[in-house]
Amino acid sequence: MNIYALVKRTFDTEEKIVVKNGAIQEDGAEFIINPYDEYAVEEAIQVRDEHGGEVTVLSLGGEDAEKQLRTALAMGADKAVLINTEDDLDEMDEFSAAKIIAEYLKDKDADLIIAGNVAIDGGSGQVGPRVAELLGINCVTTITELKLDGTDATLVRDVEGDSETIKTALPLLVTAQQGLNEPRYPSLPGIMKAKKKPLEELELDDLDLDEDDVEPKTETVDIFMPPAKAAGRILEGDIADQVSELVGLLNKEAKVI
Amino acid sequence: MSKNVLVLGEAREGELRNVSFEAIAAAKQIAGGGTITGLLIGDSVENLAQEMVQYGADRVITVEHADLKQYTSDGYSQAFMAVYEQESPDAVVMGHTALGKDLSPKIASKLGSGLISDVTAIEGEGDDAEFIRPIYSGKAFEKVKNKEGLLFFTIRPNNIEPLEKDGSRSGDVSSVSVEITNLRSIIADVVRKASEGVDLSEAKVIVAGGRGVKSEDGFKPLEELAELLGGAVGASRGACDADYCDYSLQIGQTGKVVTPDLYIAIGISGAIQHMAGMSNSKIIVAINKDPEANIFKVADYGIVGDLFEVMPILIEEVKKLKSTQTV
Ligand SMILES: Cc1cc2nc3c(=O)[nH]c(=O)nc-3n(C[C@H](O)[C@H](O)[C@H](O)COP(=O)(O)OP(=O)(O)OC[C@H]3O[C@@H](n4cnc5c(N)ncnc54)[C@H](O)[C@@H]3O)c2cc1C
Ligand SMILES: Cc1cc2nc3c(=O)[nH]c(=O)nc-3n(C[C@H](O)[C@H](O)[C@H](O)COP(=O)(O)OP(=O)(O)OC[C@H]3O[C@@H](n4cnc5c(N)ncnc54)[C@H](O)[C@@H]3O)c2cc1C
């Protein structure tokens, strides 16, 4: 089985965000594998261990994403591919990202591609389904369970809290939702082995793409922080008085009840 | 230049979701006087068409087929594309719901278009419109513009005001027929876990409980309060992990993202992953016995105290208020 997991390097969720001149300040911030992509990598490894085959982790980004790919290799993926756009592209959107990833995957005969359902930084949730569409393969989003029997796949999909059981077939792209599995931590031997596993680095040229092919359709014109919230009011006095004051405030001041 | 806009309406349990009306309002703002066409897809949806008109659509197209009773990406894509090809709209709007999140990127990819997802506000009108969307789990926002081609966006429920319903409006309703072929996914089973009644992502009021609520029974007063306020019950992952409630109620980075008018956090510490799902709520109330709890940092009103003491009084006070409001 030829399995791919899509891995995006993102800001650590615990990081404080600082915006300067309409851009997120990245200096000194911790970066991680997008949490949903950890589920993707874990699932890919489990599927391989059960059904055989090979797991390739793929990331699109700059040189720095190598670290996240090494982590995925240390978890147990077999090889990694980094499509480095640092020198070629200043601007990108979801259209561009998906186009580049799909261009790489189009002749790889992937049986199963696992992506995260959403990246916690960009947050569009577009890249997985877009890639599937470009490859002309079926796509099932936000899955919490995956079972394979030959080329038959049975999936459970989270739909705003309800669970749908879906029957479909490979080749397939799925996007991972929380609950799919418990991602493992890389073990020490895993980390040692990862250093020797193949990590291929490509540029747009290698994919026969040029800038025009991936020209973004949308443009970010500004990035800003949410308006600072005025300090809240901690009520005082007897609990009964506080509660009655609260209900009054919600009704008269905030006008929400 | 005026734009003709196609707005996908979405029904839940036989009724249009609020986000559909919000999407019509968003469409109006960018249309610059162009025609707003509502689109309804399902096995029997014609009865919902007039309501789309009453909320501002100029006309409605329905696509009805037995295979469209349940949402499948392939079925809905085929239905959508049939209408898209007939209409060639300048813009498309959908809700950023489970359905919209699944369908919109597939359609955008088919059309080779951009897609601005999860929009919470629109600045400017017509061609000058700029779209605000949260990034980094709501810790920052970006302003996005369409550069070329079809303008396609999805809106987060509960953020854009719908237009006033106007019962006197009427509009043309027509149907498009499709062949639904080659469904690659088959839905074998659906287990409904999401609570009945008010949908969490669209609720105006959310009463959310955390580990501090201590038990499944501890959620009962929260349910009572939510019902009194016409809202829904939510939870922290702490409460879900402890089995006090189902994961379908989880709010946060890995749960639902909500922006109600009122969010009442009860016995929730305010972990960063929880805040990612609720910090953009309009008014936040925190009830926690720990004055240092993080949740107070985002709260508009806070009560430091034992929730088991607060809840019965709160329910009584709200009942009192409601009894004066209904007369
Ligand atoms: C001016 C500008 C410049 C940018 N430059 C870059 C850049 O140089 N490099 C860059 O990576 N982004 C860049 N971006 C961001 C990029 O446009 C988005 O990150 C990208 O479109 C993915 O969207 P998303 O974050 O919403 O991911 P989502 O669609 O929410 O991601 C869903 C899933 O898709 C997969 N996925 C998404 N992105 C990647 C990826 N990059 N590699 C592997 N898998 C992925 C993951 O499995 C992820 O969980 C730039 C954005 C702007 C505005
Ligand atoms: C990758 C990742 C993703 C996550 N995603 C989410 C997510 O989507 N949503 C989410 O919620 N969490 C998420 N978490 C978990 C999050 O970090 C916290 O662990 C969780 O939110 C804590 O839940 P809690 O506030 O209910 O529990 P606690 O942190 O234990 O807080 C309980 C609170 O109740 C108060 N309390 C106790 N007794 C009383 C009483 N009698 N009266 C009043 N107050 C009382 C306490 O003072 C305390 O503040 C995630 C974590 C990780 C690592």
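The values are calculated or read from the model by the stated rules, or taken from the named source; none is laboratory data. From a predicted model like this one, the values you see are computed outputs, not experimental measurements. FYI the Cβ positions are ideal-geometry reconstructions off the backbone, even for glycines, and counts take in every protein chain you see.
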Given the criteria assigned by TED's automatic domain parsing to the domain that holds B:Leu99 and touching a Ser or Thr at 6+ places or on another chain (Cβ under 6 Å), does B:Gly32 qualify?
yes
Out of (1) surrounded by 11 or more Cβ atoms within 10 Å (Cβ to Cβ); (2) without any contact (Cβ under 8 Å) to a residue 60 or more places away in the chain; (3) within 9 Å of chain B (Cβ to nearest Cβ), the one A:Ala230 does not meet is (1)
Return yes or no: is A:Thr85 of a type in the set (Ser, Thr, Tyr) and in contact with a strand residue (DSSP E or B) (Cβ under 6 Å, 6 or more places away or on another chain)?
no
Only one of these conditions is not met by B:Ser323: (1) among the small types (Gly, Ala, Ser); (2) surrounded by fewer than 24 Cβ atoms within 10 Å (Cβ to Cβ); (3) touching a Phe, Trp or Tyr at 6+ places or on another chain (Cβ under 6 Å). Which number is it?
(3)
I want to confirm something. Restricting to the range B:152-195 and keeping residues that are of a type in the set (A, V, I, L, M), within 14 Å of another protein chain (Cβ to nearest Cβ) and part of a strand (DSSP E or B), which single residue is surrounded by the most Cβ atoms within 10 Å (Cβ to Cβ)?
B:Ile155
Within the range A:62-112, work out how many residues are in a loop (DSSP other than H, G, I, E, B), among the small types (Gly, Ala, Ser) and within 22 Å of A:Asn2 (Cα to Cα).
3
Do we have B:Tyr71 as more than 10 Å from every other protein chain (Cβ to nearest Cβ) and either under 14 Å from B:Glu10 (Cα atoms) or in a helix (DSSP H, G or I) (or both) here?
no
So A:Gly161 ticks every box in (1) more than 21 Å from B:Gln250 (Cβ to Cβ); (2) modelled with pLDDT under 95 but one. Which box is left unticked?
(1)
Sort through B:Gly212, B:Gly267, B:Gly277, B:Gly255 and tell me the only one that's surrounded by fewer than 24 Cβ atoms within 10 Å (Cβ to Cβ), within 13 Å of ligand 2 (Cβ to nearest atom) and not acidic (Asp, Glu).
B:Gly212
Residues to consider are B:Ser269, B:Ser248, B:Ser236, B:Ser279; find the one that is within 25 Å of A:Asp158 (Cα to Cα), polar (S, T, N, Q) and away from every other protein chain (no Cβ under 12 Å).
B:Ser236
Scanning the range B:196-209 for residues that are within 12 Å of ligand 2 (Cβ to nearest atom) and either among the hydrophobic types (A, V, I, L, M, F, W, C) or in a helix (DSSP H, G or I) (or both) gives B:Ala208
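Within the range A:1-53, track down each residue that is of a type in the set (D, E, K, R) and loosely packed, with under 15 Cβ neighbours inside 10 Å.
A:Asp12, A:Glu14, A:Lys16, A:Lys20, A:Glu26, A:Asp27, A:Glu30, A:Asp49, A:Glu50, listed by residue number.
Inspect all residues belonging to the range B:258-269 and state whether any of them is closer than 15 Å to B:Ile295 by Cα, touching a Phe, Trp or Tyr at 6+ places or on another chain (Cβ under 6 Å) and of a type in the set (Gly, Ala, Ser).
There is no residue in the range B:258-269 that is closer than 15 Å to B:Ile295 by Cα, touching a Phe, Trp or Tyr at 6+ places or on another chain (Cβ under 6 Å) and of a type in the set (Gly, Ala, Ser).
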Taking the range B:207-233 and keeping residues of a type in the set (A, V, I, L, M) and either within 14 Å of chain A (Cβ to nearest Cβ) or within 16 Å of ligand 1 (Cβ to nearest atom) (or both) leaves B:Val207, B:Leu225, B:Ala226, B:Leu228, B:Leu229, B:Ala232, B:Val233
Within the range A:123-138, track down each residue that is in contact (Cβ under 8 Å) with a residue 24 or more places away in the chain, more than 7 Å from chain B (Cβ to nearest Cβ) and part of a loop (DSSP other than H, G, I, E, B).
A:Ile137
Name every residue in the range A:209-227 that is exposed (fewer than 13 other Cβ atoms within 10 Å of the Cβ) and either farther than 24 Å from A:Met92 by Cα or charged (D, E, K, R) (or both), in order of residue number.
A:Asp210, A:Asp212, A:Pro227
Among the residues of the range B:220-231, which ones are more than 17 Å from B:Lys322 (Cβ to Cβ) and in contact with a helix residue (DSSP H, G or I) (Cβ under 6 Å, 6 or more places away or on another chain)?
none
Identify, by number, the condition in (1) away from ligand 2 (no atom under 16 Å from the Cβ); (2) of a type outside the set (S, T, N, Q); (3) out of contact with any helix residue (DSSP H, G or I) (no Cβ under 6 Å at 6 or more places or on another chain) that A:Arg130 doesn't meet.
(3)
Select from the range A:92-127 the residues that are surrounded by fewer than 22 Cβ atoms within 10 Å (Cβ to Cβ) and within 16 Å of ligand 2 (Cβ to nearest atom) and write down the one among them that is nearest to A:Glu201 (Cα to Cα).
A:Asp121
Looking at the structure I just gave you, is B:Lys139 charged (D, E, K, R) and in contact (Cβ under 8 Å) with a residue 60 or more places away in the chain?
yes
Pairs where the first residue, in the range A:1-22, is closer than 30 Å to A:Val55 by Cα and touching a residue at least 60 places away in the same chain (Cβ under 8 Å) and the second is acidic (Asp, Glu) and within 16 Å of ligand 2 (Cβ to nearest atom), C-beta under 6 Å, 6+ apart
A:Val7/A:Asp37; A:Lys8/A:Asp37; A:Thr10/A:Asp121; A:Phe11/A:Asp121
From the list A:Asp152, A:Asp49, A:Asp88, exactly one residue is within 12 Å of chain B (Cβ to nearest Cβ) and either more than 16 Å from ligand 2 (Cβ to nearest atom) or touching a helix residue (DSSP H, G or I) at 6+ places or on another chain (Cβ under 9 Å) (or both). Which is it?
A:Asp152
Please go through the range A:149-206 and give me each residue that is among the small types (Gly, Ala, Ser), within 23 Å of the chain's Cα centre (by Cα) and assigned to a loop (DSSP other than H, G, I, E, B), ordered by number.
A:Gly161, A:Gly179, A:Ser187
B:Gly149 meets each of (1) facing another protein chain (nearest Cβ under 7 Å); (2) under 30 Å from B:Gly124 (Cα atoms); (3) touching a helix residue (DSSP H, G or I) at 6+ places or on another chain (Cβ under 6 Å) with one exception, condition (3)
